[in-house]
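Scroll down for the structure; my scribbles are underneath it.
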């Protein structure tokens with residue numbers, strides 16, 4: 001959810017349209033990994049097998065993305081980033097050319113927030129949903145959405 005109900009909503013907000021609602025709970029993160037493994041087993045195997053024992057997939061790829069070594073950042077981008085692209089689009093096209101610094105910096109920022117669970121505590125969004133309950137809301141859902149299944 002691109003909006004955390006724990007934050008203030010402008011008084012002028014009269015309607016919300018939400019898409020790709022992701023509550024960022026641990027069970028949602030785990031479920032997403034299970035769906036990736038189910039639908040893209042060969043791809044997920046490459047992602048999982050590169051992770052050293054004792055680290056989670058998210059921790060490992062966030063550490064690579066934060067590295068000063070460009071090859072580490074690229075490894076994170078091409079493996080974990082491609083996975084994100086597969087989940088985010090019905091017809092994903094992940095660029096195969098080497099990304100420029102702007103794209104890599106955007107990737108680093110994304111991975112930083114991903115590793116920090118997007119800055120929300122477990123169940124924070126649902127526990128604060130009453131703050132937007134009065135606003136008419138439409139949730140648009142794609143039936144092929146693996147990130148946020150029904």
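What follows draws every value from the coordinates through simple rules; no lab data is involved. Everything quoted here is computed from the prediction, not taken from an experiment.
Once a ≥ b ≥ c are taken as the square roots of the eigenvalues of the Cα gyration tensor of the stretch 41-132, is the result rounded (a/c under 1.5), prolate (a/b larger than b/c) or oblate (a/b not larger than b/c)? Don't skip to the answer; put the middle values down first.
Working: a/c = 1.62, a/b = 1.52, b/c = 1.07.
It comes out prolate by the Cα gyration axes.
What is the extension gain from residue 135 to residue 85, computed as 0.36 nm multiplied by their sequence separation minus the C-alpha to C-alpha distance, in nm to one decimal? Please report the intermediate quantities before stating the final value.
Values: separation 50, 0.36 × 50 = 18.00 nm, distance 3.11 nm.
Additional length available on full extension: 14.9 nm.
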